[in-house]
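See structure below.
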Amino acid sequence: MQLPTIRAAFLPTAEEIARAREVLSRMDGATQAGVGALALADGTFLDVAMRDQALAVLALVAD
């Protein structure tokens, strides 16, 4: 039964999940304000592609 171990190895970490949630939160706020792109406090530039990536990360942990 190696499958559970393999699945667990490829799941996002808690940090990656938290980061994805932060990206979605910030992007949703920016979209509502009419802003298409923004930067996080650490200088990371966020745009629609980063939002899509965050959605993909969270889809991996959604059941």
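If we scan region 30-42, do we find a residue that is of a type outside the set (S, T, N, Q), assigned to a helix (DSSP H, G or I), at pLDDT 85 or above and open to solvent by less than 60 Å² (accessible area, probe 1.4 Å)?
As a first pass, look at region 30-42 and keep what is of a type outside the set (S, T, N, Q): 30, 33-42.
This time we only want the ones that are assigned to a helix (DSSP H, G or I), so: 30.
Going one step further and asking which of them are at pLDDT 85 or above, we end up with none.
No, region 30-42 contains no residue that is of a type outside the set (S, T, N, Q), assigned to a helix (DSSP H, G or I), at pLDDT 85 or above and open to solvent by less than 60 Å² (accessible area, probe 1.4 Å).
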**Request:** Considering only region 1-40, state which residues are without any contact (Cβ under 8 Å) to a residue 24 or more places away in the chain and β-branched (Val, Ile, Thr).
**Result:** Thr5, Ile6, Thr13, Thr31, Val35
**Asked** Looking at region 8-15, is at least one residue surrounded by 10 or more Cβ atoms within 10 Å (Cβ to Cβ) and not in a helix (DSSP H, G or I)?
**Response** yes
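Restricting the search to region 16-29, which residues are of a type outside the set (A, V, I, L, M) and exposed (fewer than 13 other Cβ atoms within 10 Å of the Cβ)? Before you say what the answer is, go through the steps one by one.
So in region 16-29, the residues of a type outside the set (A, V, I, L, M) come out as 16, 19, 21-22, 25-26, 28-29.
Matches in region 16-29: Ser25, Asp28, Gly29.
The values are calculated or read from the model by the stated rules, or taken from the named source; none is laboratory data. Predicted model, so just to flag it, every value in this text is computed and none were measured. Using ideal geometry, Cβ is built from the backbone for each residue, glycine included, and neighbour counts are taken over all protein chains shown. We work out accessible area using only protein heavy atoms, side chains counted, and drop any ligands, DNA or RNA first. Shrake-Rupley method; radii C 1.70, N 1.55, O 1.52, S 1.80 Å.
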